[in-house]
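Here's the structure, in structure tokens; my notes come after.
The values are calculated or read from the model by the stated rules, or taken from the named source; none is laboratory data. Not measured: the values here are computed from a predicted model. Neighbour counts are summed over all protein chains in view; Cβ atoms, including those assigned to glycine, are modelled from backbone coordinates with ideal geometry. Heads up: the accessible areas ignore ligands, DNA and RNA and are worked out on the full protein's heavy atoms, side chains in. Shrake-Rupley method; radii C 1.70, N 1.55, O 1.52, S 1.80 Å.
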Amino acid sequence: MVLVVVFGVALLIAVLLSGLAARTVLSTSFLFLVGGALVSDGFLELIHITPDSEIVSATADLALFAVLFTDGMHVSFPKLRGNWRNPARALGLGMPLAFVGMALVTHYLVGLDWTTSLLVGAVLAPTDPVFASAIVGRTEVPAKLRQLLNVESGINDRLALPVVLILIAAAGPTAGHAEASLGKIALELVLGLAFGIVLPYVVIELVRFRLLGAEPKLQPLLPLAIGVILYAVCHLTHANPYLAAFSAGAVLTARSLDAKEAFEPLGEALAELAKFAALLVFGALLTPQLFGDLSFGGYVAVVLAIVLIRPASLLSSLIGTRFTRQEKLVAAWFGPKGFASVVYGLLVLQAGIPQGEEAFTLIAVCIAFSIIAHSSTDVPIARLFHVDDLAGIPGGTPEAPRTTKETGHVGT
């Protein structure tokens, strides 16, 4: 119950300060992260949470599912087909370079074995602009830059997941049965994709029967019911819930825009609540002992991951594109580690691999530093484009104000 009170207080403070956060470097995500740390064992000792606590995996799992389900609804297949080249560069070249770069610094600076180092690289390769929402939600920022960050973040954590699971199987106690593990992983991914496509498709077809259909005030609950059933079915059958969630959201939008628009306000609110709860719990893990357990080489690796590896990898992938120098630098900087990395880091910790605790410590500190760095710099950097527009500098084309819904934000 103490945790519920702490969450309620943190939520109240975040709401009261949300207007200020939208105009300054203050971040609501950062508030929950710090709030969780303050009430943990390392400081006020109001709540007692350890990495192996069930609430940690449960909140992170539910938050990622909720965020992916709502993010899937923002995917526009026609727009994606027409503007795929730049995101494809970021995903096909930038992401692998970040993966390899992080693995190299982890192995040589932290001293983890190659399999675990590759695992850390796979966990930290995905980006999540949900912690840099001022960039993807502000009309001062060029549309093609917003789209690049949106599409990249919406897909890269799904691409990283199979790699993470395979490397966990290779590094874990069952490494000797890698072939069976790979088969199991493939089956889980296929089941997740199948459930995510079939369930919303069938439900939308049922709604179209003359004798069936949702009353207007209950229509927002239709996608919610699909999400709840999908979440339960995936966990009962061990299908991959994250692939299922994103697929279901995309199929739901493609089959019924009315259902998507009715659910969007409720879905965004639920996803925000789940996100804040996961951040609070994750913050409670950020104790002085956790930061003390990371070696000096680990801190160097964290800094390099944020200020060198992500920027260099994405800049390399954007060579030859029509982005301006300023746009390339902004895209390269905003590579925050978000919920996918949190969940994948917990999977590493709970897998029982030999160097799992060391890997999780490095991952957790990197995520914390990334959230602080990126969520506190999004607003000032977004305003640079606004200043360019006012000064008449080429490359900053004003756009009509658009809502978050219209920007098509698909980040996790």
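Of note:
- Total residues in the range 243-280, condition touching a helix residue (DSSP H, G or I) at 6+ places or on another chain (Cβ under 7 Å) and more than 16 Å from Pro223 (Cα to Cα): 8
- Flag for Lys337 being closer than 23 Å to Leu97 by Cα and at pLDDT below 85: yes
- In the range 218-229, the residues that are in contact with a helix residue (DSSP H, G or I) (Cβ under 9 Å, 6 or more places away or on another chain) and either at pLDDT below 95 or farther than 18 Å from Phe246 by Cβ (or both): Gln219, Pro220, Leu221, Leu222, Pro223, Leu224, Ala225, Ile226, Gly227
- Within the range 146-160, the set of residues being open to solvent by 10 Å² or more (accessible area, probe 1.4 Å) and of a type in the set (S, T, N, Q) comprises Gln147 only.
- Residues (open to solvent by less than 30 Å² (accessible area, probe 1.4 Å) and more than 30 Å from Leu165 (Cβ to Cβ)) located in the range 243-259: Ser256, Ala259
Conditions tested, residue by residue: (1) in contact (Cβ under 8 Å) with a residue 24 or more places away in the chain; (2) open to solvent by less than 30 Å² (accessible area, probe 1.4 Å); (3) out of contact with any Phe, Trp or Tyr (no Cβ under 7 Å at 6 or more places or on another chain).
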| residue | (1), (2), (3) |
| --- | --- |
| Asp52 | yes, no, yes |
| Val75 | yes, yes, yes |
| Thr116 | yes, yes, yes |
| Gly121 | no, yes, no |
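- If you go through the range 361-379 and pick out every residue that is modelled with pLDDT of 80 or more, more than 17 Å from the chain's Cα centre (by Cα) and either small (Gly, Ala, Ser) or open to solvent by less than 10 Å² (accessible area, probe 1.4 Å) (or both), you end up with 1.
- For the range 305-322, a residue qualifies if it is crowded, with 20+ Cβ neighbours inside 10 Å, under 16 Å from Val151 (Cβ atoms) and not aliphatic (A, V, I, L, M), and exactly one does: Ser317.
- Meets criteria (of a type in the set (S, T, N, Q) and either in a loop (DSSP other than H, G, I, E, B) or modelled with pLDDT of 80 or more (or both)) for Asn156: yes
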